[in-house]
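Working notes for the structure below.
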Amino acid sequence: MAIYFKQMLDLSKLEPLDRTNYKRWSQKMLIFFEQLEVDYVLLQQPPAAAGSIVPNAPRTDGTSSPGATPIFADDATMKEYESDNKKVRGHMLSHVTNPIFDLLAAHKSAKVIWELLEAKYSTDDAGKKKYVCGKFMQFKMVDDKPIMDQVHEYENLVADILAEGMKMCEVLQPNFLIEKLPDS
């Protein structure tokens with residue numbers, strides 16, 4: 001009998017969402033929720049209780065109003081969804097700064113919170129692109145720091161530029177690093 005242990009992401013080391021790190025924060029949270037197998041709470045419409053009246057549901061005359069068709073669920077499925085929603089919501093709210101927490105805490109749906117954060121922070125931000133480009137261009141290696149630490153810092157700067165959706169020639173990257181070496 002084989003025993004399988006899942007390697008779980010340690011959220012205690014995750015930086016809280018602070019308006020500047022949304023892309024990395026959301027990716028790490030989604031990976032964590034995938035590992036817990038509760039990511040469906042963020043990605044799918046919540047199930048509707050059997051017999052409930054749902055806006056945008058198919059009508060008895062065969063037509064339907066716009067929107068997704070609800071998934072009707074039994075009591076066990078509803079309880080499981082509610083439990084998973086509480087887990088996801090709790091983890092998300094535990095990993096944001098206090099000002100963001102204050103804005104989101106009133107929302108009971110993890111999906112609504114996720115969509116609000118997505119709408120607010122995932123927009124294409126020219127200021128962020130300017131910032132990462134400036135950091136990249138100002139980078140300079142120095143003699144008093146270990147070289148591998150500086151190379152790692154440089155690699156992170158390149159990764160930040162690529163994460164912002166900007167393209168960078170692969171030939172340019174090592175040549176730029178060579179130019180940033182100290183005179184010694």
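The values are calculated or read from the model by the stated rules, or taken from the named source; none is laboratory data. Since the structure is predicted, the reported quantities are computational estimates derived from the model, not experimental observations. Don't worry about glycine lacking a Cβ; one is built from the backbone with ideal geometry, like all the others, and counts go over all protein chains shown. Just the protein is used for accessible areas: all its heavy atoms, side chains included, with ligands, DNA and RNA removed. Shrake-Rupley method; radii C 1.70, N 1.55, O 1.52, S 1.80 Å.
Restricting attention to the stretch 102-120, the residues being in a helix (DSSP H, G or I) and touching a Pro at 6+ places or on another chain (Cβ under 8 Å) number 1. Counting just the residues of the stretch 10-40 that are surrounded by 17 or more Cβ atoms within 10 Å (Cβ to Cβ), among the aliphatic types (A, V, I, L, M) and under 14 Å from the mean Cα position of the chain (by Cα), which one comes out modelled with the lowest pLDDT? The residue in question is 14.
In the set 128, 111, which member is open to solvent by less than 40 Å² (accessible area, probe 1.4 Å) and basic (Lys, Arg)?
Numbers: 128 fails: open to solvent by less than 40 Å² (accessible area, probe 1.4 Å).
Answer to the selection: 111.
Does at least one position in the stretch 157-176 carry a residue that is within 19 Å of residue 26 (Cα to Cα) and open to solvent by 80 Å² or more (accessible area, probe 1.4 Å)?
Yes - at least one qualifying residue is present in the stretch 157-176.
Can residue 79 be described as loosely packed, with under 14 Cβ neighbours inside 10 Å, modelled with pLDDT of 90 or more and either in a loop (DSSP other than H, G, I, E, B) or of a type in the set (Val, Ile, Thr) (or both)? For residue 79, the condition - loosely packed, with under 14 Cβ neighbours inside 10 Å, modelled with pLDDT of 90 or more and either in a loop (DSSP other than H, G, I, E, B) or of a type in the set (Val, Ile, Thr) (or both) - is not met.
Among the residues of the stretch 139-149, what is the count of those that are surrounded by 12 or more Cβ atoms within 10 Å (Cβ to Cβ) and in a helix (DSSP H, G or I)?
Step one: filter the stretch 139-149 for residues surrounded by 12 or more Cβ atoms within 10 Å (Cβ to Cβ), giving 139, 141, 147.
Now restrict to residues that are in a helix (DSSP H, G or I): 147.
Selection size over the stretch 139-149: 1.
For residue 152, indicate whether it is within 21 Å of residue 24 (Cβ to Cβ) and buried (at least 17 other Cβ atoms within 10 Å of the Cβ). No, not satisfied.
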